[in-house]
1. Can you name every residue in segment 1-17 that is in contact with a Gly (Cβ under 7 Å, 6 or more places away or on another chain), assigned to a strand (DSSP E or B) and open to solvent by 30 Å² or more (accessible area, probe 1.4 Å)?
2. Would you check if TYR32 is at pLDDT below 95, farther than 26 Å from LEU11 by Cα and surrounded by 18 or more Cβ atoms within 10 Å (Cβ to Cβ)?
3. What number goes with the only condition from (1) surrounded by fewer than 18 Cβ atoms within 10 Å (Cβ to Cβ); (2) under 20 Å from GLN3 (Cβ atoms) that VAL93 does not pass?
4. Out of GLN118, GLN82, report the one residue that is farther than 12 Å from LEU4 by Cα, of a type in the set (S, T, N, Q) and loosely packed, with under 14 Cβ neighbours inside 10 Å.
5. Within segment 3-62, how many residues turn out to be over 24 Å from LEU100 (Cα atoms), of a type in the set (Gly, Ala, Ser) and within 15 Å of the chain's Cα centre (by Cα)?
6. Does ALA98 meet the test of being touching a Pro at 6+ places or on another chain (Cβ under 7 Å), closer than 15 Å to GLY35 by Cβ and open to solvent by less than 10 Å² (accessible area, probe 1.4 Å)?
7. Starting from segment 18-37, take each residue that is in contact (Cβ under 8 Å) with a residue 40 or more places away in the chain and farther than 15 Å from TRP113 by Cβ and list its partners that are hydrophobic (A, V, I, L, M, F, W, C) and buried (at least 21 other Cβ atoms within 10 Å of the Cβ), counting only C-beta distances under 6 angstrom and pairs at least six apart or across chains.
8. Search segment 100-119 for residues that are in contact (Cβ under 8 Å) with a residue 40 or more places away in the chain and pair each with any residue that is outside any strand (DSSP E or B) and open to solvent by 70 Å² or more (accessible area, probe 1.4 Å) when their beta-carbon atoms are under 8 Å apart and the residues are at least 6 apart or on different chains.
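The values are calculated or read from the model by the stated rules, or taken from the named source; none is laboratory data. Everything numeric in this text was worked out from a predicted model, so none of it was measured. Neighbour counts run over all protein chains shown; Cβ positions are idealised from the backbone, glycine included. Keep in mind that these areas ignore ligands, DNA and RNA; they rest on the heavy atoms of the full protein, side chains included. Shrake-Rupley method; radii C 1.70, N 1.55, O 1.52, S 1.80 Å.
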Amino acid sequence: QVQLVESGGGLVQAGESLRLSCAASGRTSSRYFMGWFRHPPGAEREFVAGISFNAGRTYYADSVKGRFTISRDNAKNTVYLQMDGLKPEDTAVYYCAARLYNYRQDSAEYDYWGQGTQVTVSS
């Protein structure tokens, strides 16, 4: 079992930045691929970014490429999502998720989820 806790959400203006954190506990020695997803109001949950266990590979949705950066510190069991140049359309509840081994965009392929953190971007 892995427990995930997100933090760092908030209310910002367009163009500003936020850094989300996802702290993992439990069976963190396993080689988990970590993903960030978001659930905008009135829309489906969508993949945002993902990172391999050794941080050698990162993946981004086209909508955030060049603005968001995913990273991880395995010594701290923490994954980060640096979000720069935020836009109103980035408003959503952001979730981190874990799955064993490989990259997947489909949220159904992830085994563990955090409770989410709200990000609101005003225009």
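1. GLN3, VAL5
2. Yes: the conditions hold for TYR32.
3. Just one mismatch for VAL93, condition (1).
4. GLN118
5. Residues flagged as over 24 Å from LEU100 (Cα atoms), of a type in the set (Gly, Ala, Ser) and within 15 Å of the chain's Cα centre (by Cα) within segment 3-62 amount to 4.
6. For ALA98, the condition - touching a Pro at 6+ places or on another chain (Cβ under 7 Å), closer than 15 Å to GLY35 by Cβ and open to solvent by less than 10 Å² (accessible area, probe 1.4 Å) - is not met.
7. LEU18/MET83
8. These pairs meet every condition: LEU100/ARG31; LEU100/ASP111; TYR101/ARG31; TYR103/ARG57; SER107/ARG45; TYR110/ARG104; TYR112/GLN1.
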